[in-house]
Amino acid sequence: MSVVLVEPRIAFRVAVSQRAVYFAGGLFGPDFLEKLEAAALPGQRPTDFGLPAGRSVLDEAAALYRDARKMWQVFRHRLERLSEKESGTSETRNAWVIPFLSLLGYDLHYNSRAYVVGDMAYHISHRAGEKEDAPPVHIVAARKELGRVDPDGRPRMSPHALMQEFLNRSEHLWGIVTNGRVLRLLRKSPLLRQQAYVEFDLEAIFEAEGDAHFNDFVVLYRLLHRTRPPQGIADAAECRLELYYQQALEEGNRARDRLRDGVEASLQVLGTGFLGLNSELPYQDGDLARGLYEDLLRLVYRLLFLLVAEERNLLGGTDLYRDHYSITRLRRLADRREAYTDHEDLWLSLRVLWELLRDPTPKADGRPLAALLCLPVLDGGLFAPIALENLRLTNRDLLEAIYYLSYYYDEESLAWRRVNYAALDVEELGSVYESLLDHHPIIVQEPEGPAFRFATGTERKSTGSYYTPPELVQELIKSTLEPVIEERLKGSSDRIAQEKALLSIKVVDPACGSGHFLLAAARRLARELARMRTVEEEPSPEAEREARREVIAYCIYGVDKNPLAVELCKVALWIEGHVPGKPLTFLDHRIRCGDSLVGVFDLSVLKEGIPDAAYAPVSDDDRPLAREIKKRNAVERSGQLAVSARLLDEALFECALATLEVEALPDDSPQAIAEKSRRYEALRASQEPIRQACDLWTAAFFQHLMSGKNAVTTDAVRRALAGRPVHGQVSGMAEAVARRLRFFHWPLEFQEVFAEGGFDVVLCNPPYGYLFTARSAKFAKAQCMYLQARSSKNMASYFVLLALNIVRSDGRIGFVMPKSFTYSDAWREMRRYMLPYIISVIDVGQAWKQVRLEQIMLTLQLSKGTSIVPQIKVGRITGDGHFNTHFVHREKCKELDVIPSGVSPRDLELLEIIETSEHCMLSDICTTKRGASIKRNLIKPSGDIPIVQGRNIREFQEPTPSGFIRLEDIDKASLFVTPSSTPLFQNIVAHIKYPQEHIRIIGTICSSPVVCTDTVNILTVTLVGIDPFIITGYLMSNLINWYVHVFIFNRAQRTMHFDGYVLARIPIPLDKLGSLSEVCVGLQQEPNGKELWDALNSIVYSAFEIPMRLRQYVDSIHKPRYR
């Protein structure tokens, strides 16, 4: 029989292609459909639908289904009698949709006038009730497509886009749009990453033979009955639909972690299965566990791709494929215990499938064998041969692994639930798999034999650490990519020129992981491209998918140090951009494996030779030998370059042109992909002399300078450039180090990009912390481009400086960064250097619940022309995922040495009052230093001098010592004794375990000498005649605590230290605080005195002449110090 490959109608089909209910974009959770069908969600009892006692939901749905089918038949006949000129709007509304929805409890009312939001009018046809704020329901003619622009509509957009934009701009949360044949449920989504809705194919439901789609109608009834949407705006947040939506959001992280558990179990089952059945494995003994693990991940990546592709109906295939070779078939068999045998036929069928999906050789009437199953040859590297394919595996082990991939355990219902891969976002899948990449695999001997396991302590890292919240990603896309799109399209007059301009945009993530930012960028560019091509505001999912494939091929670049992360990123992009009938996009030249921070960034260094810094000895280096090699290298560096600078530049230019030629090759067939791959590898081979020179230059910083070993010097670099032989030991060492550390030479890897000036957009969520070894630190220190990053001791700063060096002069940079960048003394040099480039800083708080650091979203533009704009956009994310933003002057940030992303207009008003008052700085009249770290064995229960820790300090109270120390031990340990009447403060001024929206500076004055630990700050008044009580009380006032929190620590909610850096930035109106001394003496006698604390705050407020309304604002933030 003939076989036809059918392309899908919409984006994500749920379960199997025969279903008439589709979930696009993950509006609800991955197991939502299953729970809904099983009535396992709240609000699914008969009484919740307003049914009388004894009437079941299924009985009611069956009765309505019969009535609706009759209505549909009448409506269909009326449509058939219409002429081609008639739209059928009245027939669709009055003969079908209105009576149909009335069966579900709706009382539709016609909107006689458009909804007006701002300056826009939205002509929504109906509302679901008499009240003006009832949910909107838009009904268009059956002959109109929901995704196509209505040329007669106002504003000019498709019915779907009209409803979505109205929801996004109005107070309504939910809406329905339908043409009678298809009905869609939409929700407000201002940060729409992709189309997100639930679609019911009414035509399929009511045209089906018998009751084939009755179950889909039941789903429609349970989800769309009038008791599900809100009655109006007031109850929208409590309606059933919204509760389902919020529940899905809350369950997101838990579901990802449970999915991760299943993947982890699957990997262990597969690994143990291969170990048990194969006496010899094709991996090196020392790397057996790691080699096996890497191939297991590659195997599971394939299964993941096919699981998603099959459930979204993107792969095609005949019944023969579905019944005998598909992953869906394995999922069915995994439910049947009798299929768990010791035979190996299922594994063999998978091996056949891998071969079919990668082999483009024409073997069946001029076609590849995959065509016999109506499958495309996918290739792309995903199905390239791996060692595991030649091993044996039982049906038992394979099906158990498939079971763990197909189900997860729901702890709430105490049941196994099926994973709906069609409804899962690609980012969610990526976070699940990315969380496994750092696992440490081991092989252990168990009673049953060798077993594949993960080392304790590595297997529970949460997926939440990897899943970037979508609102953050979208805001970063909005601030970086969208302005570049707008600017790039300005100079393009016609559609062809606009398409070319759009596809010329280059986006890179230098620490791409599973590709979250790249996926978001690809979607945004693809939507713009699809709009151009379809001339529709809301292009069809098929048009967007075609556009995504092209955008991914031309615009998207990524780098990651972990080769498995690189492969995972490719899988994510393939899933997102796969088009039925076409092979997987060629991505080898765009998604690259390497250490973005280590390599040659400017090829001019090859001409200059290896710098002296490369020979600075570290760790076990032979220091005299290092000096000798350094001298020899200096002599070589002063010699003649074997290859002229002009010839090197010309060679690079020719390579860039050749790369563009490879890029221009088509990739719509397996043969074209193979040719593209061949040409790309040939191009890389032609660059080998330059690549070897780059490796040698970089390896010079990482070599061990020891006797008996030949060292890399400038001579070796220049010999490589000239194509002359390099000493075998030297070249071998450099090659081994380059492979192990994954050197990445940006000008070589992406020549075509740098020939055009660099990337247009750099997006990144870089690794935090200081991860350098002694040798990599030596390398980084020698790079001028990293100069400002050294004091921060944070990898994120190095990635930002890298971005500034690889972006075009008019490009944009978007980073998720530690919030400490905005205020910390360690980040000061970076902050000052980057201030002219900053466009916006948005405080997103604790973006990852499992990561205790707070983060910001930082947007930069390389052109310092942005500094002409005197203001920086700052803001904070709200609890509902929106952003409250405003502007602060760039010069003000420079003066404060803080980028106050958390400030409000009242904060800025207060700041102006304080700055215009007469004052000096606290550092002008006192100094501060921390106490010392004291060894435990020196702390005694009794002794000569009390020991005070930060936790012993309470407001104006005599500290209760933590112990005592002997005088002789003070001298031996080089400790110092703090004299009496010295102000002492807790060093930590913020909650650690339970962060709050304020800080608390806590101090006292000790009446006797003490020894302080390093959790205490000791203030010494340097100006004669200043009462220490004034300083102590002033620092504990509400106004100063507010000032320190907002304008020194930028409202950070984590550990903050009260030290000299803070002290130097606190203003004090010293001449107006004389009466403070008496109040503080009173507080020493009565620390909980309410009137005294009120008086202290009043004196400080009055000293700055703070008006009453702003005093109340500051007081509202702080918990009273009295009890």
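What the table below lists for this structure:
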{"quantity": "Angstrom value of the Kirkwood radius, inverse mean 1/r, which spans all Cα pairs in the stretch 353-421", "calculated": "15.0"}
{"quantity": "Order of D365, D667, D1014 - criterion: other Cβ atoms within 10 Å of each residue's Cβ, fewest first", "calculated": "D365, D1014, D667"}
{"quantity": "Coordinate range along principal axes, alpha carbons of the chain, Å, largest first", "calculated": "101, 82, 71"}
{"quantity": "Among 1026-1037, 836-847, the order from most to least packed when residues are scored by Cβ within 10 Å on average", "calculated": "1026-1037, 836-847"}
{"quantity": "Three-way shape label, the stretch 387-441, alpha-carbon gyration tensor, a/c 1.5", "calculated": "oblate"}
{"quantity": "Ranked list, fewest to most other Cβ atoms within 10 Å of each Cβ, for E486, E681", "calculated": "E486, E681"}
{"quantity": "Protection-proxy order for peptides 197-206, 601-610, each taking the mean of Cβ atoms within 10 Å per residue, highest first", "calculated": "197-206, 601-610"}
{"quantity": "Cα coordinate range in the stretch 302-407, projected on the principal axes (Å, largest first)", "calculated": "41, 29, 22"}
{"quantity": "For the stretch 42-238: rounded, prolate or oblate by the Cα gyration tensor [a/c cutoff 1.5]", "calculated": "oblate"}
{"quantity": "Rg(Cα)/(2.2 N^0.38 Å) for the stretch 61-125, N = residue count", "calculated": "1.40"}
{"quantity": "Beta bridges per DSSP with both ends in the stretch 918-1117, % antiparallel, nearest 5", "calculated": "85"}
{"quantity": "Residues R740, R258, sorted so that the one with the fewest Cβ neighbours within 10 Å comes first", "calculated": "R740, R258"}
{"quantity": "Rounded D (µm²/s) - the stretch 166-217, Kirkwood Rh over Cα pairs, Stokes-Einstein at 4 °C, 1.567 mPa s", "calculated": "103"}
{"quantity": "Gyration tensor (alpha-carbon) shape descriptor, the stretch 701-774, a/c threshold 1.5", "calculated": "oblate"}
{"quantity": "Peptide ranges 772-784, 96-108, 570-582 listed from the most packed, as the mean C-beta count within 10 angstrom indicates", "calculated": "570-582, 96-108, 772-784"}
{"quantity": "222 nm mean residue ellipticity, helices alone, for the chain (DSSP H n ≥ 4; -39,500 (n - 2.57); rounded to 500)", "calculated": "-13000 deg cm²/dmol"}
{"quantity": "Semi-axis lengths (Å, descending) of the ellipsoid that matches the C-alpha gyration tensor of the stretch 250-465", "calculated": "27, 22, 17"}
{"quantity": "Rg/Rg_globular for the stretch 1049-1123, with Rg_globular taken as 2.2 N^0.38 Å and Rg from C-alpha atoms", "calculated": "1.23"}
{"quantity": "Histogram of C-alpha separations across the stretch 604-743, 10 Å bin width, %", "calculated": "12, 35, 29, 15, 7, 2, 0"}
{"quantity": "Cα-Cα over 25 Å, subset of K607/K781; K778/K972; K561/K630", "calculated": "K778/K972; K561/K630"}
{"quantity": "Computed Rg/Rh of the stretch 918-1117, alpha carbon atoms with Kirkwood Rh", "calculated": "0.98"}
{"quantity": "Volume per residue of the C-alpha convex hull in the stretch 864-984, rounded to whole Å³", "calculated": "243"}
{"quantity": "Cα centroid separation, the stretch 539-556 to the stretch 933-972 (Å)", "calculated": "68"}
{"quantity": "Normalised alpha carbon radius of gyration of the stretch 464-611 [divisor 2.2 N^0.38 Å]", "calculated": "1.15"}
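Read-outs throughout are calculated quantities, based only on the coordinates presented, and are distinct from any laboratory measurement. No experiment lies behind these values; they were computed from the predicted model shown. Quick reminder, even Gly has a Cβ in these numbers, built from the backbone with ideal geometry, and neighbours come from all protein chains shown.
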